[in-house]
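Visitor: Below is one structure. I have some questions about it.
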Amino acid sequence: MSSNPIVLVKDVYKSYRYGRGYVRALRGVSLEVGRGEIACLVGPSGSGKTTLLNIVAGIDFPDSGEVVVDGVNVSKLRGRELAQYRLRKVGYVFQFFNLIPALTVWENVELPLALAGVGKEERARTVEYLLEVVGVRHLASRTPDSLSGGEQQRVAIARALANKPAVVLMDEPSANIDVENTVKIMELVARLSKELGQSFIIATHDYIVARSCTVSYKMRDGVVIARFTGPDVSKALL
C-alpha cells in the first residue's frame with residue numbers, strides 16, 4: 001500500500017432508491033491508489049465499479065465515507081469548488097468516449113483547457129503535445145464521426161490529460177474497441193504511467209486490461225473482496 005496515496009477511498013457507502021426500497025451499490029469500500037499506479041476495479045455488472053468511478057469523479061456523492069484525491073476531500077465539495085475539482089483534478093474517459101461531435105479532434109482536446117482559462121498559446125502547445133503523445137496528431141482537423149473506435153479512445157485520453165489531472169478514470173476501455181486496439185491503448189496507458197507518473201483507475205472485466213494494471217481490486221455486490229498486485233494482478237478475474 002502507498003504511504004502517500006494520490007487517491008484514498010475510505011469506508012464508502014452508496015445506496016439508490018429503487019421503487020419503494022433501496023439498492024446498496026457500495027457497502028463500505030476502501031482502497032488507495034499511489035502516484036503513477038494503474039489500478040483496476042474488476043467485477044461483474046452491478047458490483048459497484050462505475051458507481052465508485054463516478055464518486056471519485058465528483059459526479060455522484062457517497063452516503064457516508066470519504067474520498068480524498070490529491071489532498072482534496074471530494075465528499076465535501078459543492079458548487080464552484082466541485083466544478084473546479086472535476087475540471088482540474090480528474091480526467092474521465094467514458095465507455096462511449098463522449099467526444100463532442102461538432103468539434104474537431106483538436107477542439108475536443110482544447111476545450112477543457114479553455115474552460116480552465118488557459119491562454120491561447122499555451123493551449124496550442126498543450127494540445128499539440130498531447131495529440132502527439134497519444135498518436136493522433138495527424139487527425140487534428142477530423143471530427144469524431146470520421147474516426148475509428150481506437151482513434152476516438154486515444155482522443156478521449158488526450159482530452160482527459162489536458163489539465164494534468166491527479167488521476168484519470170476509465171470506464172470499460174475495451175468495451176467498444178477490438179482486441180488489437182485494446183492492447184495498444186493499454187500500452188499507451190502503461191507508457192503514460194511510467195513517463196508522466198500518471199495515475200489511473202480503470203473499471204474492467206477484460207483480461208487484457210487487467211493484466212496491464214499494477215494493482216487490481218476485485219469487487220462483488222458493492223464490496224472489495226480481494227486485492228492483487230504484481231504477477232497476480234489478473235487473478236481478480238478468476
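Visitor: Inside the range 36-65, can you point out the residues that are farther than 24 Å from K235 by Cβ, outside any helix (DSSP H, G or I) and open to solvent by 20 Å² or more (accessible area, probe 1.4 Å)? Spell out how you get there, then give the answer.
Guide: Pass one, the range 36-65, residues farther than 24 Å from K235 by Cβ: 54-55, 57-65.
Cutting the leftovers down to outside any helix (DSSP H, G or I) gives us 58-65.
The answer is I59, D60, F61, P62, D63, S64, G65.
Visitor: Tell me the residue from L26, L31 that is in contact with a Ser or Thr (Cβ under 8 Å, 6 or more places away or on another chain) and in a strand (DSSP E or B), please.
Guide: Numbers: L31 fails: in contact with a Ser or Thr (Cβ under 8 Å, 6 or more places away or on another chain).
Result: L26 is the single residue among L26, L31 that is in contact with a Ser or Thr (Cβ under 8 Å, 6 or more places away or on another chain) and in a strand (DSSP E or B).
Visitor: If you go through the range 119-134 one residue at a time, do you hit one that is in contact with a helix residue (DSSP H, G or I) (Cβ under 7 Å, 6 or more places away or on another chain), assigned to a loop (DSSP other than H, G, I, E, B) and in contact (Cβ under 8 Å) with a residue 24 or more places away in the chain?
Guide: no
Visitor: With the checklist (1) open to solvent by 40 Å² or more (accessible area, probe 1.4 Å); (2) over 30 Å from E151 (Cβ atoms) in hand, flag the one item L103 doesn't pass.
Guide: Single failed check for L103: (2).
Visitor: Exactly one of these conditions fails for Y92: (1) more than 20 Å from the chain's Cα centre (by Cα); (2) not in a helix (DSSP H, G or I). Give me its number.
Guide: Among (1) more than 20 Å from the chain's Cα centre (by Cα); (2) not in a helix (DSSP H, G or I), Y92 violates only (1).
Visitor: Step by step: first the residues of the range 5-35, then only those that are out of contact with any strand residue (DSSP E or B) (no Cβ under 6 Å at 6 or more places or on another chain) and more than 18 Å from S216 (Cα to Cα), then the one that is most open to solvent (accessible area, probe 1.4 Å). Which residue is that?
Guide: The extreme case among them is R20.
Visitor: Still on this structure, please answer the following. Quick one: count up the residues across the range 106-138 that are open to solvent by 70 Å² or more (accessible area, probe 1.4 Å) and either farther than 17 Å from L196 by Cα or charged (D, E, K, R) (or both).
Guide: Our first condition is that a residue be open to solvent by 70 Å² or more (accessible area, probe 1.4 Å); within the range 106-138, this holds for 107, 115, 120-122, 125, 128-129, 132, 137-138.
Those still in the list that are either farther than 17 Å from L196 by Cα or charged (D, E, K, R) (or both) too: 107, 115, 120-122, 125, 128, 132, 137-138.
So the answer is 10.
Visitor: What residue, among those in the range 66-77 that are open to solvent by less than 30 Å² (accessible area, probe 1.4 Å) and touching a residue at least 40 places away in the same chain (Cβ under 8 Å), is farthest from V12 (Cα to Cα)? If you could, list the steps in order and put the result at the bottom.
Guide: If we filter the range 66-77 for residues that are open to solvent by less than 30 Å² (accessible area, probe 1.4 Å), which is where we start, we get 67, 69, 74-75, 77.
Add one more test, that the residue is touching a residue at least 40 places away in the same chain (Cβ under 8 Å), and what stays is 67, 69.
On the way: V67: 8, V69: 14 Å.
It comes out as V69.
Visitor: Right, another one. Taking into account only those residues within the range 80-100 that are in contact (Cβ under 8 Å) with a residue 60 or more places away in the chain and over 11 Å from R159 (Cβ atoms), which is most open to solvent (accessible area, probe 1.4 Å)? Even if it seems obvious, please write down each step before you answer.
Guide: Of the range 80-100, the ones in contact (Cβ under 8 Å) with a residue 60 or more places away in the chain are 87-97, 99.
Now restrict to residues that are over 11 Å from R159 (Cβ atoms): 87-90, 95-96.
Values: L87: 36, R88: 103, K89: 55, V90: 15, Q95: 60, F96: 136 Å².
Among those that are in contact (Cβ under 8 Å) with a residue 60 or more places away in the chain and over 11 Å from R159 (Cβ atoms), it is F96.
Visitor: Scan the range 209-236 for residues that are touching a residue at least 24 places away in the same chain (Cβ under 8 Å), open to solvent by 30 Å² or more (accessible area, probe 1.4 Å) and out of contact with any Lys or Arg (no Cβ under 8 Å at 6 or more places or on another chain) and jot them down.
Guide: S212, T214, R220
Visitor: Just name the residue that is farthest from V134 (Cα to Cα) out of those in the range 212-238 that are part of a helix (DSSP H, G or I) and in contact with a Cys (Cβ under 9 Å, 6 or more places away or on another chain).
Guide: The first filter runs over the range 212-238 and keeps only residues part of a helix (DSSP H, G or I), leaving 230-237.
When the remaining residues are screened for being in contact with a Cys (Cβ under 9 Å, 6 or more places away or on another chain), the result is 233-234, 236.
Values: V233: 25, S234: 25, A236: 28 Å.
Ranking the qualifying residues of the range 212-238, first place goes to A236.
Visitor: Please go through the range 184-201 and pick out each residue that is of a type in the set (A, V, I, L, M) and surrounded by fewer than 15 Cβ atoms within 10 Å (Cβ to Cβ).
Guide: If the condition is that a residue be of a type in the set (A, V, I, L, M) and surrounded by fewer than 15 Cβ atoms within 10 Å (Cβ to Cβ), then L196 is the only one that fits.
Visitor: If I filter the range 151-181 down to residues being open to solvent by 20 Å² or more (accessible area, probe 1.4 Å) and assigned to a helix (DSSP H, G or I), which single residue comes out as farthest from A124 (Cα to Cα)?
Guide: Going through the qualifying residues, I end up with V179.
Visitor: Also: Among the residues of the range 1-41, write down those that are in contact with a helix residue (DSSP H, G or I) (Cβ under 7 Å, 6 or more places away or on another chain), of a type in the set (V, I, T) and touching a residue at least 60 places away in the same chain (Cβ under 8 Å).
Guide: V7, V29, I38
The values are calculated or read from the model by the stated rules, or taken from the named source; none is laboratory data. These numbers were taken from a predicted model, which means no experiment stands behind them. Don't worry about glycine lacking a Cβ; one is built from the backbone with ideal geometry, like all the others, and counts go over all protein chains shown. Quick note on the areas: whole protein, heavy atoms, side chains included, nothing else; ligands and nucleic acids left out. Shrake-Rupley method; radii C 1.70, N 1.55, O 1.52, S 1.80 Å.
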